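This report concerns only the one structure given below.
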Ligand SMILES: Cc1cc2nc3c(=O)[nH]c(=O)nc-3n(C[C@H](O)[C@H](O)[C@H](O)COP(=O)(O)OP(=O)(O)OC[C@H]3O[C@@H](n4cnc5c(N)ncnc54)[C@H](O)[C@@H]3O)c2cc1C
């Protein structure tokens, strides 16, 4: 087994790391203390620089203007970008736009690509994915209340969604709605492209989440769709394929999150080690001299290494046989990586004491924002159930 990283990828990850260190980390203090909009102008300049350096859209095929990296290679880049909460946005591989790009590439018509995908790839607009509803369980995505009823050449959409990440300032939403209420449950819903300025689309609020409403891309909105009319051609893929497309979107999407979390782990770990070495508990001793802090450092390193290998292995499985065949690996890393990350962030905060709870380091933002990683794209419990079901199916009664 060869764990080496190709010369090309070593060079790419070195450049990405330098960009994050030199261009993005200096902007973090303003973002953390004053909000995302404050850094938007600066990020626009950084995005132009990323394009010039040929590092734009690492996850997208070359024919669509990206770097054409494999899932495994993008994992290595994503772990570097995840060291800063501004990393993925600046390279245009942030959720939910990255997932929306993937499904538009796979299912979009030429007209849909020209209108929605091209400006999204260029970074001129943003989008959101509007599936979860306040009154239905997001973990059972075949059951929802939003409907799209055909009226002549239009869909008429009614329903309420929440947690639509990045809807504030987005140009369009991809909305999951029931179009075939009498079909088998996996064929009832469709995905429909809805420009946000369509009459009847009402962003009611940016939902307060862990004490923050956020703004612009860094927010999650509650949206009411009231008699929203869009052309029938705005359907993405075949009528009734909404669930299938959502599954297509979520497989690689989960991997992208796990890889980003490895970056969150590494940054938290770096901060923990640096602070432990520098903070004196007496004139003669630092935190790093304390046995318990050393144990946290060793445990964190071991846990990050293990999670990182499991994530990269799942990415490799996707590259070899596709997301469907890698379902068990994806489910396992989804809850394992999220929990590893939360333990590492928590230890890093503990080492920083009161400072760890302030917005003078990114640790508090990591703690607030990333806790949701155990819930979105499938809660821990659902992934455990689904992985265990498939694992158990490998054992026949004769084995018992
Ligand atoms: C920060 C954040 C960003 C998000 N972004 C988006 C977005 O962009 N677009 C979008 O559409 N949605 C988004 N979501 C919504 C997210 O996908 C849902 O929250 C998630 O699917 C869970 O659905 P729910 O909140 O309705 O919880 P429920 O489905 O009501 O589940 C509640 C809890 O019950 C438990 N549970 C559920 N099912 C089972 C089971 N079968 N067995 C055992 N326990 C179970 C789990 O612990 C779960 O956490 C986001 C959520 C968050 C927090």
- Message: Looking at 45, 80, can you tell me which residue is out of contact with any helix residue (DSSP H, G or I) (no Cβ under 7 Å at 6 or more places or on another chain) and modelled with pLDDT of 95 or more?
- Response: 45
- Query: Taking region 248-303 on its own, how many of its residues are assigned to a helix (DSSP H, G or I) and surrounded by fewer than 16 Cβ atoms within 10 Å (Cβ to Cβ)?
  - Reply: 13
- Message: Restricting to region 198-220, name every residue that is assigned to a loop (DSSP other than H, G, I, E, B) and either touching a residue at least 24 places away in the same chain (Cβ under 8 Å) or surrounded by 21 or more Cβ atoms within 10 Å (Cβ to Cβ) (or both).
- Response: 198, 199, 200, 207, 210, 211, 216, 217
- Condition met for residue 71 (out of contact with any strand residue (DSSP E or B) (no Cβ under 7 Å at 6 or more places or on another chain) and crowded, with 17+ Cβ neighbours inside 10 Å): yes
- Query: Pick from 391, 345: which is closer than 23 Å to residue 286 by Cα, assigned to a helix (DSSP H, G or I) and more than 10 Å from the ligand (Cβ to nearest atom)?
  - Reply: 345
- Near pairs, Cβ below 6 angstrom, 6+ apart or cross-chain, from region 372-385 (near the ligand (Cβ under 7 Å from one of its atoms)) to any residue that is at pLDDT 95 or above: 380/335; 380/374
- Note on the structure: Given the conditions (1) without any contact (Cβ under 8 Å) to a residue 60 or more places away in the chain; (2) loosely packed, with under 12 Cβ neighbours inside 10 Å, every one holds for residue 58 apart from (2)
- Could you tell me which of the residues 179, 146 is more than 10 Å from the ligand (Cβ to nearest atom) and within 25 Å of the chain's Cα centre (by Cα)? 146
- Within region 102-143, the count of residues that are outside any helix (DSSP H, G or I) and under 25 Å from residue 74 (Cα atoms) comes to 8
- Query: Does residue 359 count as assigned by TED's automatic domain parsing to the domain that holds residue 262, in contact with a helix residue (DSSP H, G or I) (Cβ under 6 Å, 6 or more places away or on another chain), at positive phi and not in a helix (DSSP H, G or I)?
  - Reply: no
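Looking at 141, 134, which is the one that is touching a helix residue (DSSP H, G or I) at 6+ places or on another chain (Cβ under 9 Å) and within 16 Å of the ligand (Cβ to nearest atom)?
Result: 141 is the single residue among 141, 134 that is touching a helix residue (DSSP H, G or I) at 6+ places or on another chain (Cβ under 9 Å) and within 16 Å of the ligand (Cβ to nearest atom).
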- Pick from region 146-178, criterion assigned to a strand (DSSP E or B) and in contact with a helix residue (DSSP H, G or I) (Cβ under 8 Å, 6 or more places away or on another chain), ranking: surrounded by the fewest Cβ atoms within 10 Å (Cβ to Cβ): 150
- Can you name the condition, by its number, that residue 186 falls short on among (1) surrounded by 19 or more Cβ atoms within 10 Å (Cβ to Cβ); (2) more than 12 Å from the ligand (Cβ to nearest atom); (3) more than 19 Å from residue 94 (Cα to Cα)? (1)
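A quick yes/no check of all residues on (1) under 12 Å from residue 242 (Cα atoms); (2) in contact (Cβ under 8 Å) with a residue 60 or more places away in the chain; (3) in contact with a strand residue (DSSP E or B) (Cβ under 9 Å, 6 or more places away or on another chain):
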| position | (1), (2), (3) |
| --- | --- |
| 124 | no, no, no |
| 154 | no, yes, yes |
| 159 | no, yes, yes |
| 163 | no, yes, yes |
| 169 | no, no, yes |
| 179 | yes, yes, yes |
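The values are calculated or read from the model by the stated rules, or taken from the named source; none is laboratory data. Note that the structure is a prediction, hence the values are computed from the model and not measured. No Cβ is skipped: glycine too gets one built from the backbone with ideal geometry, and neighbour counts run over all protein chains shown.
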